[in-house]
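This report refers to the structure that appears directly beneath it.
The values are calculated or read from the model by the stated rules, or taken from the named source; none is laboratory data. Predicted model only: the values in this text are computed from it and were never measured. Every residue, glycine as well, gets a Cβ built from its backbone with ideal geometry; the counts of neighbours run over all protein chains shown.
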Amino acid sequence: MTRTRTLALAIGLAVAASGALTGCGQPDVTKDRLERAIGPTFAGLYVHRADLLGEHGITVRSVGAVTACDRGGPKVPDVGPGPDWICMIHFTDDHGQPQDGKFEVQVRADATYIAGGPSKLIGQATLTDSHGQDVPNPVFEWDGAFDPDH
Amino acid sequence: MTAAVPAVAPAARRRPGTATVLRWEATKLAAQVRSRALLIGAVVVPIAVVLIFNTQLPPKDTIYGRHIHTSGYAVPLFVLAFAHQWVLPLLAALVAGDIFANEDQHGTWKTILTRSVSRTQIFWAKTLTAVGFNLLVLVLLAASTITTSLLVVGSQPLPGLSGQLIPAGHALPLVIASWATAVAPVLGFTALAILLSVVTRNPTIGVASPVVLGMIMQLVGSLGGLNKARRLLLTTPFETWHGLLTAHPFHAPVTTGVIVSAGWLVVCLAIAYLYLRRRDITGG
Amino acid sequence: MSDVLAVNAVNLTKAYGSLTAVNNITVQVARGEVYGVLGPNGAGKTTFLRMLFGLIRPDSGTLEVFGRSWPRHGVNSLSGVAGFIESPKFYPALSGRRNLRLLAGLDGGDAADRVDDVLDMVGLTARQHDKVRGYSFGMRQRLGVASALLRNPRLLVLDEPANGLDPAGIRDMRALVRRLADTGLTVLLSSHDMGEVEQICDNVTIMKAGTVVHHGSIAALRELAPEQAHRISTTDDDRAAELARARGLEVTTADDGLDVRGPQKDVDALIADIVDTGIALRGLTRDETPLEALFFMLTESAPAGPPAGLDAATGGRR
C-alpha cells in the first residue's frame with residue numbers, strides 16, 4: 001500500500017533526522033549555568049525566609065551565596081540532566097555566620113531543577129512565621145529554572 | 001417521487017468561496033457531540049481539577065505543584081505544566097485528527113468532492129476549522145483555569161523561578177503569557193493530527209497517534225542525550241514559559257519554540273495537502 | 001458547440017498495483033442521450049464513473065465532460081454534472097434538509113433555492129427534518145437523487161440507482177429517470193441488470209473485467225441477441241427433445257426440463273406437437289430475455305462464450 005509506504009518513509013526520515021542531530025551542539029544543562037542560577041535563587045529565597053521569620057537586614061548581598069556544583073562524583077562529566085547533582089552553597093546566615101550547605105539538586109532536561117537543602121542549616125519544611133502561623137520554608141526545597149542558551 | 005423535473009439550461013454557476021466551505025465545516029463540527037462536549041469540558045474540567053487539588057497535598061514533582069495552596073497564580077502554571085504532558089496534544093488531536101478522517105468513516109468524500117468546490121478549498125476550510133476550534137478550546141481552558149484558581153486560592157504573590165516573588169499585579173500577565181506560549185505547539189500538534197488523519201484515513205489513529213508521538217517526544221526529550229536537537233521536538237515549545245518567570249526573563253526559547261512549531265505546522269500541512277490533492281477517492 | 005460530446009472518454013486505464021480495474025476503455029456519450037454502462041459487479045463501471053467525477057485520476061487516457069477535462073479545468077469540469085456513485089452517503093448527524101443545504105452551499109449559485117423543490121420531487125418533504133441516521137436505504141437513495149438534482153445538471157450520472165431498493169422503489173426510480181431523460185437531460189446509468197438498461201437506455205457499453213466487450217445501440221444489440229429461450233418440462237422430456245430437434249430448434253437438457261431456443265413460431269408449433277403426441281406439458285416458462293442472454297454470454301466466461309466478432313479481451317479480474 002502506498003499509504004503504509006508513505007508513513008513508513010515519514011517515520012524513517014524523522015528517526016534519521018533526530019538520530020543525526022543527536023549529540024550535535026552544546027548541552028543545555030551545564031555546571032556553569034546551574035551555578036549561576038542556584039546561587040542568586042538561594043539568596044533570594046533565604047531573604048524571603050528571613051522576611052517570614054521577621055528578621056530584618058538580610059539582603060541578597062548580605063547572604064552572598066557562592067555555589068559550586070558537581071554531578072555524580074568525580075568520574076561523571078558535569079553536564080546533562082539527572083537527579084545526581086550536588087551543589088555546595090557557601091553563604092552568610094541570618095546570624096552573620098559563614099555556612100557551607102550541601103544541596104541535592106535534581107536537574108531536568110527542560111532547564112528546570114528542584115533543589116533541597118540540609119535542614120540543620122536552613123530549618124524544617126515548615127516555618128512558624130512572625131505572626132505565629134505555619135508556612136512552607138521557601139529554601140527547604142524549591143523549583144528553579146535557568147537559561148539554556150547563556 | 002412525483003411532480004415535475006427542473007428545467008434544463010444551467011446558468012453559468014458561480015463557484016462558492018472558501019468562506020462558504022468554512023462555514024459548513026463549522027456547522028458540521030457544531031453538530032458533533034464530541035466537539036460540544038470538548039468545549040463544555042474545557043470550561044468545567046479545570047474548575048473540578050482546581051477544586052480537587054485544593055484539598056490534596058501539593059504535588060511537588062511537577063513544577064509549581066508545591067505552591068498551589070499558597071498562590072492562585074501558581075495553580076494555572078501547575079495545570080499548564082501538567083497539561084502539556086499529554087492533555088494538550090490530546091485536545092489538539094480530538095477534532096483535528098478526526099475532521100478529515102471522518103469523511104472516510106462516513107464515506108462522504110465523494111459526496112462533497114462531486115460538488116463545485118476544489119480539494120484545495122476543502123483542505124483549507126477543514127484546516128482552519130480545526131485550528132480555530134483548538135484555539136477556542138485552549139482559550140477556554142486557560143480562562144477557566146486562571147479564573148477558578150484566583151477565585152478559589154486567591155491572588156497572592158507568585159514565587160518566581162529564580163527565588164524572587166512576583167507581585168500580584170505582574171503575575172497575571174505572566175500567567176496569561178505562559179499559557180499563550182502553548183498556542184504554537186498546540187497548532188503544531190493540530191497539523192500533526194491533520195497529517196496523520198489524512199494519511200491513515202482513520203479517525204482513531206488520527207486522534208491517538210499524535211498523543212502517543214507527543215509522549216514519545218516528551219520521553220526522548222527528558223533523556224538529555226539530544227542536547228540542541230531537543231529543540232526540534234514538538235513538545236519542547238510547551239516548556240518555554242519557564243523563561244518568563246525568572247528574575248531576568250529569557251525569551252530565546254519562546255522564539256525558537258514558535259519557529260519550531262511553525263516548521264512542524266508547515267511540513268505537516270504541506271504533506272497532508274499534497275496527499276489529499278493526489279489521493280484517489282475509492283471508498284464510500 | 002452542439003457537437004461536443006457530453007462524455008468523451010478515450011483509452012482510459014487505471015490500475016491498482018497488479019490489478020487493472022479499467023483497461024483502455026473508450027466511452028462516448030452524446031448530449032441528450034440515455035446511456036447505459038453495463039457489466040457484472042467488478043467490471044470497472046464504478047472506477048470509470050469515479051474517474052468521470054475526478055475522484056480517481058486515470059493512469060492514462062483522456063476524459064472530457066462537455067469538453068472540459070479534470071487536468072485542465074479542475075473542479076470546473078464538473079460544472080453541469082451531478083449524480084452519485086455506489087450508494088449515496090450523507091452526514092448522519094445532520095437532517096436530510098441540512099445535508100442538502102450543505103451540499104447546495106458547496107454548489108454555489110442558486111442551488112439553495114431548489115432545496116424545497118428537490119425534496120418534494122423525491123418525496124422526502126415529510127421526513128426532511130429527521131436526521132439521516134434514521135433514514136432507510138431507499139430514503140438515502142432518494143436523497144442522493146435529490147442532491148444531484150440540486151445542481152440542475154446537464155449530465156446526470158447514476159451508479160446502480162436501483163440497488164437495494166424494493167420493487168416499488170425500483171419502479172419509482174425508473175419512472176423518475178425516464179421523466180428526467182424526457183426533459184433532454186443526458187443520463188449516464190450504470191447497472192448490472194440488462195433488464196433495467198434495455199428499458200431506459202438508447203446506447204450501452206458492456207464491460208467485463210475492466211475492458212469494454214461491446215458498445216452500440218440497444219437496437220443493434222437486439223439483432224445480435226440469441227432467440228428467446230423457453231424452459232419446457234413434460235412427462236417425457238426425451239421424446240419432447242426429439243420433437244424440438246425435428247422442428248429445427250436448439251435444445252439443451254437441464255435438470256428440470258429442456259431449454260429450447262428458436263423463432264417464436266417454431267416454439268409455438270412445438271407445444272402443439274407435444275400435446276398432439278399425448279405427452280403432458282407440465283411447465284412452460286420464458287427464461288431470460290434475449291438481451292439478458294446476450295449480456296451473460298458477453299460477460300461470463302461460460303462455455304457459450306461471446307459471439308464471433310465480439311472477442312473479449314481478458315483483463316485482470318477484480
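I'm checking my understanding of the structure. Among residues of segment B:46-70 that are farther than 26 Å from A:Ala109 by Cα and in contact (Cβ under 8 Å) with a residue 60 or more places away in the chain, which one is nearest to the chain's Cα centre (by Cα)?
Filtering segment B:46-70 for residues that are farther than 26 Å from A:Ala109 by Cα and in contact (Cβ under 8 Å) with a residue 60 or more places away in the chain, the one nearest to the chain's Cα centre (by Cα) comes out as B:Pro46.
Here is a yes/no grid of residues against (1) surrounded by 21 or more Cβ atoms within 10 Å (Cβ to Cβ); (2) within 14 Å of chain A (Cβ to nearest Cβ):
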site: B:Leu135; (1), (2): no, no
site: B:Gly154; (1), (2): no, no
site: B:Thr181; (1), (2): yes, yes
site: B:Thr190; (1), (2): yes, no
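In this structure, does C:Arg133 turn out to be facing chain B (nearest Cβ under 8 Å) and touching a residue at least 40 places away in the same chain (Cβ under 8 Å)? Explain how you work it out, then say what you get.
Working: facing chain B (nearest Cβ under 8 Å): no; touching a residue at least 40 places away in the same chain (Cβ under 8 Å): yes.
It is false that C:Arg133 is facing chain B (nearest Cβ under 8 Å) and touching a residue at least 40 places away in the same chain (Cβ under 8 Å).
Looking at segment C:129-152 only, could you name the residues that are farther than 26 Å from B:Ala19 by Cβ and among the polar types (S, T, N, Q)?
C:Ser136, C:Gln141
Quickly run through segment C:75-117 and pick out the residues that are of a type in the set (Val, Ile, Thr) and away from chain B (no Cβ under 11 Å).
Within segment C:75-117, just C:Val115 meets the criteria.
A quick yes/no check of all residues on (1) surrounded by 14 or more Cβ atoms within 10 Å (Cβ to Cβ); (2) farther than 24 Å from A:Gln26 by Cα:
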site	(1), (2)
A:Val105	yes, no
A:Tyr113	yes, no
A:Gly117	yes, yes
A:Leu121	yes, yes
A:Gly132	no, yes
A:Val139	yes, yes
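I'd like to know if segment B:199-207 contains one or more residues that are touching a residue at least 24 places away in the same chain (Cβ under 8 Å) and within 30 Å of A:Pro40 (Cα to Cα).
The answer is no, given that none of the residues of segment B:199-207 is touching a residue at least 24 places away in the same chain (Cβ under 8 Å) and within 30 Å of A:Pro40 (Cα to Cα).
Which of the strands (runs of 3 or more DSSP E) found entirely inside segment C:226-318 contain at least 3 residues meeting this: touching a helix residue (DSSP H, G or I) at 6+ places or on another chain (Cβ under 7 Å), surrounded by 13 or more Cβ atoms within 10 Å (Cβ to Cβ) and at pLDDT 80 or above?
Because the criterion is at least 3 residues that are touching a helix residue (DSSP H, G or I) at 6+ places or on another chain (Cβ under 7 Å), surrounded by 13 or more Cβ atoms within 10 Å (Cβ to Cβ) and at pLDDT 80 or above, the strands (runs of 3 or more DSSP E) in segment C:226-318 that meet it are C:229-234, C:257-261.
Can you find a residue that is without any contact (Cβ under 8 Å) to a residue 40 or more places away in the chain and either more than 28 Å from the chain's Cα centre (by Cα) or over 26 Å from C:Val37 (Cα atoms) (or both) anywhere in segment C:74-93?
Looking through segment C:74-93, none of the residues is without any contact (Cβ under 8 Å) to a residue 40 or more places away in the chain and either more than 28 Å from the chain's Cα centre (by Cα) or over 26 Å from C:Val37 (Cα atoms) (or both).
For segment B:214-247, enumerate the residues that are touching a residue at least 60 places away in the same chain (Cβ under 8 Å) and either facing chain A (nearest Cβ under 8 Å) or buried (at least 20 other Cβ atoms within 10 Å of the Cβ) (or both).
Selection gives B:Gly214, B:Gln218, B:Thr235, B:Phe238, B:Glu239, B:Trp241, B:His242, B:Leu244, B:Leu245, B:Thr246, B:Ala247.
Take segment C:173-220 and flag every residue that is polar (S, T, N, Q) and more than 14 Å from chain B (Cβ to nearest Cβ).
Matches in segment C:173-220: C:Ser190, C:Ser191, C:Gln199, C:Asn203, C:Thr205, C:Thr211, C:Ser217.
Just wondering, is there one or more residues in segment B:122-144 that are among the β-branched types (Val, Ile, Thr), touching a Leu at 6+ places or on another chain (Cβ under 9 Å) and closer than 30 Å to A:Phe140 by Cβ?
no
Looking only at segment B:1-30, filter to residues that are within 7 Å of chain C (Cβ to nearest Cβ), under 18 Å from B:Ile122 (Cα atoms) and assigned to a loop (DSSP other than H, G, I, E, B); which one of those is modelled with the highest pLDDT?
B:Pro16
What are the residues in segment B:55-74 that are at pLDDT 90 or above, surrounded by fewer than 19 Cβ atoms within 10 Å (Cβ to Cβ) and away from every other protein chain (no Cβ under 13 Å), if any?
B:Thr55 - this is the single residue of segment B:55-74 that is at pLDDT 90 or above, surrounded by fewer than 19 Cβ atoms within 10 Å (Cβ to Cβ) and away from every other protein chain (no Cβ under 13 Å).
So C:Gln141 passes all but one of these: (1) at pLDDT 90 or above; (2) within 11 Å of chain B (Cβ to nearest Cβ); (3) crowded, with 22+ Cβ neighbours inside 10 Å. Which condition number does it fail?
Going through the list (1) at pLDDT 90 or above; (2) within 11 Å of chain B (Cβ to nearest Cβ); (3) crowded, with 22+ Cβ neighbours inside 10 Å, C:Gln141 breaks only (1).
Please find, among C:Ala148, C:Ala168, C:Ala175, C:Ala126, the residue that is buried (at least 20 other Cβ atoms within 10 Å of the Cβ) and either over 28 Å from C:Leu221 (Cα atoms) or out of contact with any Lys or Arg (no Cβ under 6 Å at 6 or more places or on another chain) (or both).
C:Ala148
Is it true that some residue in segment C:58-74 is at the interface with another protein chain (Cβ under 7 Å from one of its Cβ atoms) and in contact with a helix residue (DSSP H, G or I) (Cβ under 6 Å, 6 or more places away or on another chain)?
No, segment C:58-74 contains no residue that is at the interface with another protein chain (Cβ under 7 Å from one of its Cβ atoms) and in contact with a helix residue (DSSP H, G or I) (Cβ under 6 Å, 6 or more places away or on another chain).
For the structure I just gave you, tell me whether C:Glu223 is part of a helix (DSSP H, G or I), surrounded by 20 or more Cβ atoms within 10 Å (Cβ to Cβ) and more than 14 Å from chain B (Cβ to nearest Cβ).
Judged against the criteria, C:Glu223 is not a match.
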